[in-house]
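Below is one structure, written out as structure tokens, with a few remarks after it.
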Amino acid sequence: MAAKSPARPSKSASKKQSRKSSASAAVNSSVGIGQRCETDSMGEMFVPADALFGATTQRAVLNFPVSFRPVPQAQIEAHILLKKCCAEANADLGGLANDKAAAIAAACDQLLSELATPAPEGERHPLMRHFPIDVFQTGSGTSTNMNVNEVVANVASQRAGKAIGSKDPVHPNDHVNYGQSSNDTFPSSMQIAGALRISQRLVPALERLAQSLEARAKQWDKVVKIGRTHLMDATPIRLGQEFGGYAAAVRLGIARAKAASAALAGNMPIGGTAVGTGINAHPKFGRTVCARLTKATGVKFAEAKNHFEAQATRDCVVEAHGHLKTIAVSLTKIANDIRWLGSGPRCGLFELSLPATQPGSSIMPGKVNPVICESVMMVACQVVGNDAAITMGGLGGVGSLLELNVAMPVIGERLVESVDLLANASVMFCERCLDGLVLNEAEATGTVEKSLMMCTSLAPVIGYDAAAKVAKEAFKSGETVRQYVLRHKLVEPKQLEKLLNATAMTKPGGKGPGGG
């Protein structure tokens, strides 16, 4: 009977479980043939012989063959960094012997250094095979916290010349996890990963995007074209003003990204341990860890003012991702407008020529599509979907239950993905579309004189109703507003010249009531 028990499986039973789980099979094939016997509080468990993880990790691998998407590398790195800062803080506060803390810190530094080396393009980092647990695991992230504890402890063992799994000189629970709980470390590493990723990747990418748009706004500031509202002809606008609006949206996005990072970094759960009371942790532990995180990263981390809120909810992540969703929405506006302005080349607006990046059709020769704009807009769709997942995960009764949120792994994964998607899409948008835009000036400026909405500047002089009649009658006769007004002598020619000055209409104080 013992061989059938999940707590103490025999070697053959463990192999049978491994065959049933493709996740476990992937781990075994990646780390080599052979097994070793490990123990945890539930008993024995066979794990791949040279895996840096232990029994608790292997149980989770077998338990959660769901998506085969492991916790993102960004959060694993953040969790390792957190473990280092926790060990050092415990040593500072006298809770952990200096040699133990130093061993943990050195193991963490080694792991972080190895993870910082680039992986083959499009592939997972080879070291990440030691962090195999599925995103859809225990909702507190306990499996991943123990995974990191075990790996750090085993690296410390290796560095000390001891066997993997010996828990010497460092024990995964007693030392690596000292003064901590999964309930405060996992949400903290989620917030560290998000804050750092936003600061280091998204903000620079958005800055690059804003600069590209600002350059176009300056370059095309004197190009007067027709504005469009409801996709219908409106009053003139300068192309530079149009692009200046896009640039301003991205500048606001940068401010939102920084606010998102601050929301994550400024409410750190670490120090609350199991339920927010801080049991088994020094009263100064949380603030000491945050000080060390700040020093290590350059991002200002601060202990939560109320640990019960910080651990029982994921509101700070919901807030932060709300900013990311807004950035995504802004990008859709810019990408969509540019694909409209580039539509054609003969039967659309074609005010701009977008770079030809690839053939647009398998059946229509010579067709080129706005594929980069489409990619950006699909990214936004995914970010909005991620926002829904994060919001659902944060809901009371779904993820947030009494003293703990239990949907944290998927919340953390979706947060990291949104940051990465927005950063990558922003850089791609610049390099493969915006930087190569070409103005088709004749197309852009050629419709201004033909627009019937030029009559807007006549309204203050001849009245709204008379101006509306001009627009309707000119449309029927095929004339421009200028031609119709001159033919019917509604306004003196010199005055009309001033009223229909398209450039003047684009400046503050230009003629017209300014309605929408």
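Out of segment 141-160, which residues are touching a residue at least 60 places away in the same chain (Cβ under 8 Å) and either outside any helix (DSSP H, G or I) or not assigned by TED's automatic domain parsing to the domain that holds residue 84 (or both)?
The answer is 141, and nothing else.
Could you figure out which of (1) out of contact with any Phe, Trp or Tyr (no Cβ under 9 Å at 6 or more places or on another chain); (2) under 13 Å from residue 234 (Cβ atoms); (3) among the aliphatic types (A, V, I, L, M) isn't true of residue 442?
(2)
I'm checking my understanding of the structure. Among residues of segment 318-341 that are touching a Gly at 6+ places or on another chain (Cβ under 8 Å) and not hydrophobic (A, V, I, L, M, F, W, C), which one is nearest to residue 243 (Cα to Cα)?
330
Any chance you could count how many residues in segment 476-515 are over 20 Å from residue 233 (Cβ atoms), modelled with pLDDT of 95 or more and either assigned to a loop (DSSP other than H, G, I, E, B) or assigned by TED's automatic domain parsing to the domain that holds residue 228 (or both)?
4
Only one residue in 116, 163 is in contact with a Ser or Thr (Cβ under 8 Å, 6 or more places away or on another chain), surrounded by fewer than 16 Cβ atoms within 10 Å (Cβ to Cβ) and more than 19 Å from residue 270 (Cβ to Cβ). Which one?
One residue alone meets the criteria, 163.
Given (1) more than 24 Å from residue 322 (Cβ to Cβ); (2) in a loop (DSSP other than H, G, I, E, B); (3) not assigned by TED's automatic domain parsing to the domain that holds residue 383, identify the lone condition not met by residue 221.
The single condition residue 221 does not satisfy is (3).
Before we move on, is residue 178 of a type in the set (Ser, Thr, Tyr), over 30 Å from residue 467 (Cβ atoms) and outside any loop (DSSP other than H, G, I, E, B)?
no
Kindly indicate whether residue 392 is surrounded by fewer than 17 Cβ atoms within 10 Å (Cβ to Cβ) and under 14 Å from the mean Cα position of the chain (by Cα).
Here the answer is no, as residue 392 does not meet what is asked.
Here are 421, 439: which of them is under 14 Å from the mean Cα position of the chain (by Cα), among the aliphatic types (A, V, I, L, M) and surrounded by 18 or more Cβ atoms within 10 Å (Cβ to Cβ)?
When all the criteria are applied, what remains is 421.
Picking from 241, 211, which residue would you name as being crowded, with 18+ Cβ neighbours inside 10 Å and under 30 Å from the mean Cα position of the chain (by Cα)?
241
Scan segment 342-362 and give yes if some residue there is under 28 Å from the mean Cα position of the chain (by Cα) and under 30 Å from residue 398 (Cα atoms), otherwise no.
no
Which residue out of 21, 12, 5 is modelled with pLDDT under 95, small (Gly, Ala, Ser) and in contact with a Leu (Cβ under 6 Å, 6 or more places away or on another chain)?
Just one listed residue meets the conditions, 21.
Only one of these is touching a residue at least 40 places away in the same chain (Cβ under 8 Å), in the same structural domain as residue 236 (by TED's automatic domain parsing) and farther than 24 Å from residue 420 by Cα: 201, 216. Name it.
Just a single option satisfies the conditions, and that option is 216.
Going by what's in this entry, would residue 461 be described as in a helix (DSSP H, G or I), of a type in the set (Val, Ile, Thr) and modelled with pLDDT of 95 or more?
Yes: the conditions hold for residue 461.
Testing residue 287 on (1) in contact (Cβ under 8 Å) with a residue 12 or more places away in the chain; (2) in contact with a Phe, Trp or Tyr (Cβ under 9 Å, 6 or more places away or on another chain), one condition comes back false. Which one is that?
(2)
Can you pull out every residue in segment 73-95 that is surrounded by 24 or more Cβ atoms within 10 Å (Cβ to Cβ) and either at pLDDT below 95 or assigned to a loop (DSSP other than H, G, I, E, B) (or both)?
Residues satisfying the conditions do not exist here.
Give the residue, chosen from 210, 163, that is closer than 26 Å to residue 62 by Cα, among the small types (Gly, Ala, Ser) and without any contact (Cβ under 8 Å) to a residue 60 or more places away in the chain.
Just one listed residue meets the conditions, 163.
Find the residue count for segment 442-478, including only residues that are under 48 Å from the mean Cα position of the chain (by Cα) and loosely packed, with under 13 Cβ neighbours inside 10 Å.
Adding up the residues that qualify gives 1.
Take segment 308-330 and flag every residue that is under 13 Å from the mean Cα position of the chain (by Cα), among the aliphatic types (A, V, I, L, M) and surrounded by 23 or more Cβ atoms within 10 Å (Cβ to Cβ).
Of everything in segment 308-330, those that are under 13 Å from the mean Cα position of the chain (by Cα), among the aliphatic types (A, V, I, L, M) and surrounded by 23 or more Cβ atoms within 10 Å (Cβ to Cβ) turn out to be 317, 320, 324, 327, 328.
Please pick out the residue among 241, 211 that is in the same structural domain as residue 333 (by TED's automatic domain parsing), in a helix (DSSP H, G or I), polar (S, T, N, Q) and closer than 17 Å to residue 447 by Cβ.
Within the list 241, 211, the selection yields 241.
The values are calculated or read from the model by the stated rules, or taken from the named source; none is laboratory data. None of these values were measured; they are calculated from a predicted model. Neighbour counts are summed over all protein chains in view; Cβ atoms, including those assigned to glycine, are modelled from backbone coordinates with ideal geometry.
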